[in-house]
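Visitor: First, the structure itself, so that you have it in front of you.
The values are calculated or read from the model by the stated rules, or taken from the named source; none is laboratory data. All values reported here derive from a predicted model rather than from experimental measurement. Don't worry about glycine lacking a Cβ; one is built from the backbone with ideal geometry, like all the others, and counts go over all protein chains shown. Accessible surface areas use protein heavy atoms only, side chains included; no ligands, DNA or RNA. Shrake-Rupley method; radii C 1.70, N 1.55, O 1.52, S 1.80 Å.
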Amino acid sequence: MGLLPFAVRRALQLIPVLLGLTLIVFALQAVALGDPVRAAMGQRGDPEAIARIRADYGLDAPLWVQYGRYLGRLLRGDLGRSFRQQVPVADLIVERLPATVRLAVAAMGLAALLGVAAGVASAVTHGRMLDAAIMTVALLGISTPVFWLGMILILLFAVTLGWFPISGYGDGDWRHLVLPALALGALHVGYIARMTRGSLLEVLREDYLRTARAKGLREGVVLLKHGLRNASLPILTLMGIGIGDLLVGAPLTETVFAWPGLGRLLVTAVANRDLPVVLGATLLFALIYVAANFLVDCCYVLADPRIRLAGERR
């Protein structure tokens with residue numbers, strides 16, 4: 001099966017998934033947030049004003065009607081208006097999304113660089129003390145909560161050493177990006193290092209690498225050109241899915257570092273019970289995750305012909 005038929009079939013399979021996502025997000029937020037107008041105006045709010053606002057936003061209709069209207073607005077690209085800021089939710093998301101994408105790309109870049117280097121070093125020194133040390137650090141990176149690591153980084157590198165700013169965006173200054181990218185990417189450094197080590201160890205046992213060494217190629221060329229290249233498919237898959245994870249997992253990091261991204265917008269909206277913003281941001285995070293998995297599947301078909309053959313047999 002070629003890439004285009006596979007992509008079309010995969011996209012059609014995503015339609016019920018996306019509908020399910022909108023239904024789950026809408027139902028969870030409706031249950032968790034209760035009546036957002038009452039919450040926003042307080043228990044002493046004017047009942048007539050509350051009723052008028054609920055009618056204006058269509059919140060007096062049954063839930064299934066609200067869900068139908070919500071889907072209709074989504075198809076027109078309308079995510080509603082913020083209760084608190086009285087501006088379109090789409091405008092808020094467009095304003096905050098670039099900062100989150102910048103943070104996620106920087107975090108994945110750091111994770112790929114450090115994770116692949118650590119995984120290669122660990123595979124080359126398999127069974128030695130350096131291998132055990134690298135895998136221990138990788139496990140710590142996977143196990144450490146991002147908010148705790150963020151506060152440790154602030155205390156050490158910003159407060160004590162003064163190398164980087166404590167928080168904020170800083171008009172795009174790269175020094176503001178380093179600590180949040182490290183905190184957000186640490187988890188994936190561990191995952192990529194372990195995946196690189198495992199994949200490379202399997203490849204290093206293959207006969208064609210012994211043949212390459214027998215031909216007199218340098219060990220570095222054998223390792224990086226023939227070994228790492230053939231071991232890269234699961235690593236690239238992990239990175240592709242990891243981009244979605246980083247975008248979705250940004251709220252804690254953005255809150256700790258006061259980073260003006262989409263995650264911080266979501267956390268603030270939840271605290272303020274701003275339902276349209278919560279629904280819009282949550283749905284976007286879910287769509288990003290689904291899109292990342294879709295692209296990874298397509299890359300798999302491009303990279304591995306066996307997947308095409310499997311599709312044709314079915």
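Visitor: Confirm whether THR268 is open to solvent by less than 40 Å² (accessible area, probe 1.4 Å), among the hydroxyl-bearing types (Ser, Thr, Tyr) and within 21 Å of PRO145 (Cα to Cα). Show your work before the answer.
Guide: Numbers: open to solvent by less than 40 Å² (accessible area, probe 1.4 Å): no; among the hydroxyl-bearing types (Ser, Thr, Tyr): yes; within 21 Å of PRO145 (Cα to Cα): yes.
Spelling it out, it is not the case that THR268 is open to solvent by less than 40 Å² (accessible area, probe 1.4 Å), among the hydroxyl-bearing types (Ser, Thr, Tyr) and within 21 Å of PRO145 (Cα to Cα).
Visitor: What is the one condition in (1) closer than 21 Å to VAL267 by Cβ; (2) surrounded by 14 or more Cβ atoms within 10 Å (Cβ to Cβ); (3) at pLDDT below 80; (4) within 26 Å of the chain's Cα centre (by Cα) that PRO36 does not satisfy?
Guide: Answer for PRO36: the failing condition is (4).
Visitor: Kindly provide the set of residues from the stretch 240-260 that are surrounded by 24 or more Cβ atoms within 10 Å (Cβ to Cβ) and farther than 18 Å from LEU149 by Cβ, ordered by number. Outline the logic, then answer.
Guide: Applying the first criterion (surrounded by 24 or more Cβ atoms within 10 Å (Cβ to Cβ)) to the stretch 240-260 yields 242, 246-247, 250, 253-254, 257, 259.
LEU247, the sole residue that qualifies.
Visitor: Continuing with this model, one more query. Mind checking which pairs have a first residue in the stretch 62-83 that is of a type in the set (Lys, Arg) and a second that is surrounded by 16 or more Cβ atoms within 10 Å (Cβ to Cβ) and assigned to a loop (DSSP other than H, G, I, E, B), Cβ under 9 Å, 6 or more apart or different chains?
Guide: Once the first residue is of a type in the set (Lys, Arg) and sits in the stretch 62-83, its partners that are surrounded by 16 or more Cβ atoms within 10 Å (Cβ to Cβ) and assigned to a loop (DSSP other than H, G, I, E, B) give ARG73/LEU79; ARG73/GLY80; ARG81/TYR57.
Visitor: Hey, which of the helices (runs of 4 or more DSSP H) in the stretch 137-251, taking only ones fully inside, have at least 3 residues that are within 20 Å of MET108 (Cβ to Cβ) and at pLDDT 85 or above?
Guide: Helices (runs of 4 or more DSSP H) meeting the threshold: 146-153, 175-204.
Visitor: Scan the stretch 161-178 and give yes if some residue there is among the β-branched types (Val, Ile, Thr), closer than 15 Å to ARG197 by Cα and open to solvent by less than 40 Å² (accessible area, probe 1.4 Å), otherwise no.
Guide: The answer is no; no qualifying residue exists.
Visitor: Turning to a different aspect of this structure: Are any residues in the stretch 279-306 over 17 Å from the mean Cα position of the chain (by Cα), touching a residue at least 40 places away in the same chain (Cβ under 8 Å) and in a helix (DSSP H, G or I), and if so, which ones?
Guide: Pass one, the stretch 279-306, residues over 17 Å from the mean Cα position of the chain (by Cα): 279, 298-306.
Okay, now just the ones that are also touching a residue at least 40 places away in the same chain (Cβ under 8 Å), so 279, 298-304.
Scanning the stretch 279-306 gives LEU279, CYS298, CYS299, TYR300, VAL301, LEU302, ALA303.
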